[in-house]
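In what follows, a single structure is set out as structure tokens and then discussed.
The values are calculated or read from the model by the stated rules, or taken from the named source; none is laboratory data. Because the structure is predicted, anything quoted here is derived from the model rather than measured. Note that we place each Cβ from the backbone using ideal geometry, even for glycine, and neighbour counts take in every protein chain shown.
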Amino acid sequence: MARSTARPRPRAQPAPRGVAEARSLFDREILRQALVDAFKKLDPRVQVKNPVMFVVLVGTVVTFAESITHPGKFDWSITVWLFLTVLFANFAEAMAEGRGKAQADTLRRMRSEVEARRLRPDGTEERVAAADLVRGDLVCCEAGDLVPSDGEIVEGVASVDESAITGESAPVIRESGGDRSAVTGGTKVLSDRIVVRITAERGKTFLDRMIHLVEGANRQKTPNEIALTILLSVLTIIFIPVVVVLQPFGRYAGATVSVVILVSLMVCLIPTTIGALLSAIGIAGMDRLVQKNVLAMSGRAVEAAGDVQTLLLDKTGTITLGNRMAAGFLPVGGHTEQEVAGAAQLASLADETPEGRSIVVLAKERFNLRERDLGSGHVFVPFSATTRMSGLDVDHRRIRKGAADSVKRWVAQLGGRVPDELDAIVERVARAGSTPLVVAEEATILGVIELKDVVKQGIRERFDDMRSLGIRTVMITGDNPLTAAAIAEEAGVDDYLAEATPETKLALIKSEQEGGKLVAMTGDGTNDAPALAQADVGVAMNTGTTAAKEAGNMVDLDSNPTKLLEIVEVGKQLLITRGSLTTFSIANDIAKYFAIIPALFVATYPQLGALDVMRLHSPSSAVLSAVIFNALVIVALIPLALRGVRFRPSSSAAILRRNVLIYGVGGIVAPFVFIKLIDLLLVALHAY
Amino acid sequence: MGFLWTIVALVVALGLTWRFLGSYMEAVFDGRVRYLAWLEQPFYRLLGTGPDNEQSWRRYAGSAVVFSGAFLAFGYLLLRIQGHLPLNPQHLGAVPPALSFNTITSFVTNTNWQNYGGETTMSYFSQIGVLTVQQFVSAAVGIAVAIALVRGFSRRSSPTIGNFWVDMTRCLLYVLLPIAFLAGVVLVSQGAVQTLAGPARIHDPLNHVTQTIPRGPVGFMGAIMQLGTNGGGAFNADLAHPLENPTGLTNFLYIWLTLSIPVSLTYTFGKMVHSVRQGAALLTAMALIFGIWVGFTSYAEHQPNPAVAAAGVVHQPGGNMEGKEVRFGDTSSALFNVSMTQTSDGAVDSATDSYNPMGVFGTLTGMMLGEVTPGGVGSGLYTILIDAVIAVFIGGLMIGRTPEYLGKKIQAREVKLAGIGLLVMPITVLVLTAIAVSVHAGRVGPLNHGPHGFTEILYAMTSQGNNNGSAMAGLNGNTAFYNVVGAIDMLLGRFGVLIPAVALGGSLASKNVVPASLGTFRTDNAMFIGLVVGVIVVVGGLTFFPAVALGPIVEQLSHGRFF
């Protein structure tokens, strides 16, 4: 086997551990870079993209001018804190970007210039720079070579170290033909020789795309983000006149209204908290997917994941472990269970398949049958496609296990009798979604081994979670409807598609979509490509073909189809974080009014002091406290924006109740408390 | 009838109306009510349209605007040449240009702000041919637009939202005309005058004085003025006038008429989207705010009048009776005025200017919430749907899905249109108030100084900007400045919300429906009602708090210090 020739993996330089390299939320390096970027982002051309923060910047300029013309401690304090508000917003965005940039740098390091061994038409090799490769070129890679670019293996088989991309250190097998033929530029061939046809042009390889994505170079706003930006702009547009008119209103009342206080009020009213954190939330959402080793080709896809109402899940690997496991010994013809187990264990001792090993394990668990030392007088009979049996000859006993038909035929040949109840048991096992193996010793049939398609542990609970979120799970399998129904029942999926073909899969997606639903699926084969492209969220396995990876809008580097469930949760968490912080931001306004309005007019109407429910020290300290709170709350919420609000699958009503309570009601109460505290602190520090 | 019994009777009457008028209107706009089909057809032939001639939102909104504009121009002309027209027993001359502009704008926009005294300015022809006609037509426009917006929710992947001319014709023929006629008969039977014979002259031999008592086509005008939440009566004193509001029954009937269509439209909405619960949720949101405001304002008016108290009369068992009809009393008057300010009706049966500061707060803020509780005919529904879209958007995000309302995704375009619908009114009201308090022509308007004078201006701008028409009084509005500024206020307040509402309907209609599941944001439960109430109160509160703080709140906090 190829693995035998594998050399020890070169460890010359610290190998990058894939994009999912975990960094703490406040990595010092990222922090430092973010601080620098926060100042760089003061460029008005950058600021104007965020209407809310742009208004704050303009307000800062106004108070700055005011501070210069009428210098005073209060005016300067406000100016500084307004400026800090802008900086904090920049810092939040820079923090979110920083994590992506750090990952991109790691990836870039491995995109070092590689020499490719291009094959000429006559079969001879020439050395060219990887940069010069074009689509369709054939290159040859041998053990130790880096794959120069993305491509398909057209010849050979090799074990490949893909840790650079996936972070997974175990090498994987890649071979020509079939669904395991894709190789990625930047990965290392560990054994054998393969010939690869290049499928990507320079700058468009998977690695390039990955760098692009994690870096968020030209991040597009997602549909919900655009809608929310519009809402925030609307609120900003409303609050500007609300504040500006206080100047003439005040003059009518005979008050002189301070421009600095008006600007402070405006900044406090417009939704700066969410405005400052909005882009950070989006970037961090993408980043959380990357942490899970999933690359989304667009933020739109991440958002769509939150909207998904139907999940198409491949049975094998997603719902079941993929290997069938022995689940029981069913005796026939008066034999005991232990006899069946004993014979089955002997017949499986040499069986290295997961099924065979599971039989040995089960026999040990049930009857404490240890692996016996058979001595020398035995011969293993391996499984063959013609006999469809395997077993062991020992001490003139011939023990066999295999498909019911084959074993029955074998027993009949030896002149044995098939017990009457066998067929019924075999059928019962098959109907339950399991595979029956019949065990015989010589001409006697002892019983049946039930090999079960083992449903992954905890998967049922995951599906229950999904159901509570209103998501329908559909199991896709090539099994016959009988088996499919049994497994679907056990796994707790809502529906199944049996005897699935790429065509029926595509048709199912289309019919769901016509009903207005968004569909997510995973796939890896080339024949999955149309369905992956049609699905609203198509997650291609990294082990899959290039066609599959190009058709989908996400790639799972771990090639773990169960991850679809996590992707949905990340999508939802992203939207919830935005909605919750918006609610929080608006709810905060109430307390700020109670701090600033009395301060603004108390000189003219001392009665309005009654509205100062927080009993703040003085008008100046009241306004300053509100402005400081408004700035600090941004910093305080950066971790929440980056991590996302806590999300636990439950019904929409329960999620909503929780978030309204925390961010709505909490958003009303919190600023009353903190503004008062800041005010007390200002007084204690003799600032006012 | 005691105050509480009035409330009980009103709730029962409105509950029945909600159920039956709501379902009837659904049938009308679905074209299933046909008993006057022979009358419909000639209209359609004349307009070259018909029920099969579906319109896109642009054409629908365009039709509504052109139709209103035509009436604006035509009505202006009629008021200007009033002196040459018949039915003018008092020989009233032309209505002055600025006043004509303000008045016709006021009636076309369903505002019924009146800078004139009806009995001394308008001939019977103007009352009937211009003003009453507008009371029907402007109501029909509002209802038609609401129906068009609801079609946005009930249709899927449709490029059209109905036909404006058909909706309006059906609304007039099957809803407004029959109900107004029946109500008019009852009102006249109770003693509301209805005559074209001109003012009555009565000689009082005892005191040797001759009184001229204005009369006119009052009763039937009263019916549509309330049914269509118009509020502009034939007399200056409006529904405080005994010839317009003669009995307790008529007083009750007027309140019921005003609330009936705005309330029932929520049922119509529910039926059109195949879930009455959805309509009931909106109605509950409306009722919650309405109930709290009625309670608050009634309580405020039940308190003694501080001016009277300062004059030595501390014991005022009837509450603040300054400016109130003895027939109605404090709480009932408060109920009446809250009903009229929260329906965009604007009629009064007592003088708001004499209310306690918190009483004014109640009626003023009722309008500032955007006239959605239940609001004007049609406009109340389409405006609360705009608020609901915002509530759905924020709430929907909080459950982690692209927000959807009745299966329709609320995305950038919907948020933009709802946002415009949300911001036009407060900005218009605040900016125009700011102009009025800044320029000389505006500052000479109010009769009072200080916060009370400020409130008088703010109230006028709020009332017109919300197409309510309720007058606090105490403001001399019949000046070139207030006539023109008021007209601008009314036009922006009407079409600045109406056009985005139709556009929203068009945008929603074009969308497919996302099927409901457990993960869907529910829009028919207590949480949603709370969110809608939250959006209405928080948006209204945050935009108007500073202004209100400088008006009624300061006045209240002054505890009897007067301005």
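Entry remark, the range B:79-104: residues being closer than 17 Å to residue B:234 by Cα and outside any loop (DSSP other than H, G, I, E, B) number 7 in total.
Once the range A:363-377 is narrowed to residues that are modelled with pLDDT of 75 or more and surrounded by 11 or more Cβ atoms within 10 Å (Cβ to Cβ), the residue that is nearest to residue A:394 (Cα to Cα) is A:369.
If I filter the range A:194-205 for residues that are crowded, with 17+ Cβ neighbours inside 10 Å and either at pLDDT 95 or above or among the acidic types (Asp, Glu) (or both), do I get at least one hit? There is no residue in the range A:194-205 that is crowded, with 17+ Cβ neighbours inside 10 Å and either at pLDDT 95 or above or among the acidic types (Asp, Glu) (or both). Taken over the range A:665-686, residues that are surrounded by 16 or more Cβ atoms within 10 Å (Cβ to Cβ) and either within 22 Å of residue A:282 (Cβ to Cβ) or touching a His at 6+ places or on another chain (Cβ under 6 Å) (or both) amount to 2. Total residues in the range A:535-550 satisfying the condition of being under 18 Å from the mean Cα position of the chain (by Cα), buried (at least 24 other Cβ atoms within 10 Å of the Cβ) and at pLDDT below 80: the figure is 1.
For every residue, the table says whether it meets (1) within 14 Å of chain A (Cβ to nearest Cβ); (2) at pLDDT 95 or above; (3) out of contact with any Ser or Thr (no Cβ under 8 Å at 6 or more places or on another chain); (4) farther than 28 Å from residue B:230 by Cβ.
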| residue | (1), (2), (3), (4) |
| --- | --- |
| B:424 | yes, yes, yes, no |
| B:439 | yes, yes, yes, yes |
| B:463 | no, yes, no, no |
| B:477 | no, no, yes, no |
| B:491 | no, yes, no, no |
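Looking at this structure, is residue B:453 within 12 Å of another protein chain (Cβ to nearest Cβ), closer than 30 Å to residue A:464 by Cβ and not charged (D, E, K, R)? No; evaluated as a whole, the condition is false for this residue.
Any chance the range B:534-553 includes a residue that's within 13 Å of chain A (Cβ to nearest Cβ), aromatic (Phe, Trp, Tyr) and not in a helix (DSSP H, G or I)? Checking the range B:534-553: not a single residue is within 13 Å of chain A (Cβ to nearest Cβ), aromatic (Phe, Trp, Tyr) and not in a helix (DSSP H, G or I). Run down B:370, B:346 and say which single residue is within 14 Å of chain A (Cβ to nearest Cβ) and not in a helix (DSSP H, G or I). None of the other options fit; the residue is B:370. Taking only the range B:521-533 into account, find how many residues are surrounded by fewer than 22 Cβ atoms within 10 Å (Cβ to Cβ) and either facing chain A (nearest Cβ under 9 Å) or farther than 24 Å from residue A:652 by Cβ (or both). Of the residues in that region, 4 qualify.
Restricting the search to helices (runs of 4 or more DSSP H) fully inside the range A:376-480 and requiring at least 1 residues that are over 47 Å from the mean Cα position of the chain (by Cα) and without any contact (Cβ under 8 Å) to a residue 24 or more places away in the chain gives A:404-413.
The residue that is surrounded by the most Cβ atoms within 10 Å (Cβ to Cβ), counting only those in the range A:575-592 that are at the interface with chain B (Cβ under 7 Å from one of its Cβ atoms) and under 16 Å from residue A:89 (Cβ atoms), is A:578. Can you tell me which residue among B:28, B:11, B:65 is modelled with pLDDT of 95 or more, surrounded by fewer than 16 Cβ atoms within 10 Å (Cβ to Cβ) and β-branched (Val, Ile, Thr)? Result: B:11 is the single residue among B:28, B:11, B:65 that is modelled with pLDDT of 95 or more, surrounded by fewer than 16 Cβ atoms within 10 Å (Cβ to Cβ) and β-branched (Val, Ile, Thr). Candidates in the range A:43-70 are the residues that are of a type in the set (A, V, I, L, M) and in contact with a helix residue (DSSP H, G or I) (Cβ under 6 Å, 6 or more places away or on another chain); of these, the one that is nearest to residue A:258 (Cα to Cα) is A:62. One residue is enough: does the range A:627-646 have a residue meeting the conditions farther than 21 Å from residue A:88 by Cβ, in a loop (DSSP other than H, G, I, E, B), facing chain B (nearest Cβ under 9 Å) and at pLDDT below 90? No, the conditions are met nowhere in the range A:627-646. If the condition is being touching a strand residue (DSSP E or B) at 6+ places or on another chain (Cβ under 7 Å), among the hydrophobic types (A, V, I, L, M, F, W, C) and crowded, with 22+ Cβ neighbours inside 10 Å, then the range B:463-516 contributes B:475, B:508. Considering only residues in the range A:593-602 that are of a type in the set (A, V, I, L, M) and under 18 Å from residue A:263 (Cβ atoms), the one that is nearest to the other protein chains (Cβ to nearest Cβ) turns out to be A:597. The set of residues in the range B:193-240 that are part of a helix (DSSP H, G or I) and aromatic (Phe, Trp, Tyr) contains only B:220. Residue A:293 meets each of the listed conditions (1) out of contact with any strand residue (DSSP E or B) (no Cβ under 9 Å at 6 or more places or on another chain); (2) away from chain B (no Cβ under 13 Å) apart from (1). Taken together, A:242, A:214, A:259 contain a single residue that is among the β-branched types (Val, Ile, Thr) and within 13 Å of chain B (Cβ to nearest Cβ), which is A:242. Only residues that are more than 10 Å from chain A (Cβ to nearest Cβ) and within 21 Å of the chain's Cα centre (by Cα): list them for the range B:378-419, please. B:378, B:379, B:380, B:381, B:382, B:383, B:384, B:385, B:386, B:387, B:388 - these are the residues of the range B:378-419 that are more than 10 Å from chain A (Cβ to nearest Cβ) and within 21 Å of the chain's Cα centre (by Cα). In the set (1) within 17 Å of residue B:344 (Cα to Cα); (2) buried (at least 24 other Cβ atoms within 10 Å of the Cβ); (3) modelled with pLDDT of 95 or more, residue B:112 fails one condition alone, (3).
Residue B:159 meets all of the listed conditions (1) in contact with a helix residue (DSSP H, G or I) (Cβ under 8 Å, 6 or more places away or on another chain); (2) part of a helix (DSSP H, G or I) but one, namely (2).
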